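Input: a single structure, listed below in structure tokens.
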Amino acid sequence: DSGVTQTPKHLITATGQRVTLRCSPRSGDLSVYWYQQSLDQGLQFLIQYYNGEERAKGNILERFSAQQFPDLHSELNLSSLELGDSALYFCASSVVDGTGELFFGEGSRLTVL
Amino acid sequence: DQQVKQNSPSLSVQEGRISILNCDYTNSMFDYFLWYKKYPAEGPTFLISISSIKDKNEDGRFTVFLNKSAKHLSLHIVPSQPGDSAVYFCAANLGGGGTSYGKLTFGQGTILTVHP
């Protein structure tokens, strides 16, 4: 158990819809990262928040947005969903922006039909 | 552009033998390299890392080698155990200096199967 909690574990929705994925980092971790893993692909970095502020951004689509709240939990919002958005979405956390040793949650599997 | 590549989708090894997983990268600015292990229905877990200023790092049965001139790194597991069966991801970051250590570029992964 990494200590990172993601909900929901599974989500099935239709094209054009909007969903919110939630992440609670490990206790004391200030950084939260979101990664996307599509079928047969490695993990793709989406975005990082550090103590409530956006810290780094990857190739995140404009239809996607994220935020980190004062209690340090984070939400990833995906809107106008397309079939290609079907993927595993991982949240990870770390104490500080150190060497890249991240603690990952179990992921949220999104299926867009 | 795949900056981190794991060209072997799968590897099968006998228990007790050595497992060697390979990874190639193209960006010479990468500063830190990491290996993560992933079991089904779980998130990746950190295994071992190496800084670009080193060529070897060892942790128990796991050793990572870095060849900067060849832009190649490898993970050696000796001896391999059935519990090592998992997907192994190679990852790299650009280090500090204004960017984020947690912004990792991952390879596609190699499925390791260790047979009893």
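Read the figures in this text as sums done on the coordinates, not as results from a lab. What you are looking at is a predicted structure, and each value in this text was computed from that prediction instead of being measured. Quick reminder, even Gly has a Cβ in these numbers, built from the backbone with ideal geometry, and neighbours come from all protein chains shown.
Remark on the protein assembly as shown: Rg and Dmax equal 17.5, 51 Å (Cα only). For the residues of A:69-77, the average number of beta carbons from a partner chain within 10 Å of their own beta carbon is 0.
Peptide B:100-113 is shielded by partner chain Cβ atoms: per residue, an average of 6 of them sit within 10 Å of its Cβ. In terms of the mean number of neighbouring beta-carbon atoms within 10 Å, the peptides A:13-24, A:72-83 order highest first as A:72-83, A:13-24.
Note on chain A: with a GNM built from Cα contacts shorter than 10 Å, the maximum mean-square fluctuation among A:Ala92, A:Ala56, A:Ala66 falls on A:Ala56. Taking each of B:Lys5/B:Lys68; B:Lys38/B:Lys103; A:Lys57/B:Lys5; A:Lys57/B:Lys56; A:Lys9/B:Lys38; A:Lys9/B:Lys103 in turn, the alpha-carbon distance tops 20 angstrom for A:Lys57/B:Lys5; A:Lys57/B:Lys56; A:Lys9/B:Lys103. Computed about its Cα centre, the charge dipole of the range B:4-115 is approximately 180 debye, with only Lys, Arg, Asp and Glu carrying charge at their Cβ. For the range B:53-114, the Cα-based Rg and Dmax, in that order, read 13.5, 41 Å.
Peptide A:54-65 shows a mean partner chain C-beta count of 1 within 10 Å per residue C-beta.
Against the compact-protein benchmark of 2.2 N^0.38 Å, the Cα-based radius of gyration of the range B:12-59 scales to 1.39.
A P(r) calculated from all alpha carbon pairs of chain A, with 10 Å bins opening at zero, reads 16, 51, 29, 5 percent. Working note: Cα gyration tensor of the range B:1-105, eigenvalues times five, square-rooted, sorted largest first, giving semi-axes of 23, 15, 13 Å.
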